[in-house]
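The next block holds one structure in the form of structure tokens; read it before the comments.
The values are calculated or read from the model by the stated rules, or taken from the named source; none is laboratory data. Nothing here was measured: the structure is a model prediction, and the numbers come from that model. FYI the Cβ positions are ideal-geometry reconstructions off the backbone, even for glycines, and counts take in every protein chain you see. Keep in mind that these areas ignore ligands, DNA and RNA; they rest on the heavy atoms of the full protein, side chains included. Shrake-Rupley method; radii C 1.70, N 1.55, O 1.52, S 1.80 Å.
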Amino acid sequence: MIINLTDHPSTDPETTWIITLDSLDIPVDDVVAELEKLTWLAGNEYPAMSSLQSRQGVYNWGASNSFAEFVLSIASGGIGGLSAMTIDTAVRDLFRKLRERANGDDWGDVISEENACQVARSRIATQYSVPSDELAIQRTETDTAQRTHEFLFRHADGRTFGAIIGIVKDSPTCMRIWREAAASEG
């Protein structure tokens, strides 16, 4: 599941939340309902300008497994007085709710900072089309209680990128990435 917060649907997202639902065993309708709630946060007559896409399928390779992918893009320009911070908090709450629902799934141990950094650079490079080797580390923090690493990178062009990397089912997972414009973009 990917949730993008954008200025407008035609622009790159400022913030992207990512969570792998593979091990959560949540019905598709429940996930769609939770994502749709995010578009109504302002309590307006209409939802925020958004796009929700989902894809489902079945893999067969001697054993069968189904999958579902979800991408929700919410345009902060269409939210009116509601701040991006409110949506950010709501998405955090949704992720917390999904993790609690997985109650009993093994979320794994903290991964090494080096491995987490590689995952962060890879996700940022993919999402924002910047070479990963051009991202210089500015700051790193480890939250042992949440079992996450947070990174702040500076690109040669002055933009700042960030990522929070956690672990789901013993696999490093990029949970959130964001970018900030260079001072000249202002």
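If you go through the stretch 123-150 and keep only what is in contact with a strand residue (DSSP E or B) (Cβ under 8 Å, 6 or more places away or on another chain) and either within 21 Å of T11 (Cα to Cα) or touching a residue at least 60 places away in the same chain (Cβ under 8 Å) (or both), you end up with R123, I124, A125, Q127, Y128, V130.
Determine whether the stretch 8-28 contains at least one residue that is more than 19 Å from R176 (Cα to Cα) and modelled with pLDDT of 80 or more. Looking for residues that are more than 19 Å from R176 (Cα to Cα) and modelled with pLDDT of 80 or more, one finds none in the stretch 8-28, hence no.
With A102, A116, A145 as the choices, which residue is open to solvent by 60 Å² or more (accessible area, probe 1.4 Å) and either on the phi > 0 side of the Ramachandran plot or at pLDDT below 90 (or both)?
Values: A102 fails: open to solvent by 60 Å² or more (accessible area, probe 1.4 Å); A116 fails: open to solvent by 60 Å² or more (accessible area, probe 1.4 Å).
Unique residue meeting the criteria: A145.
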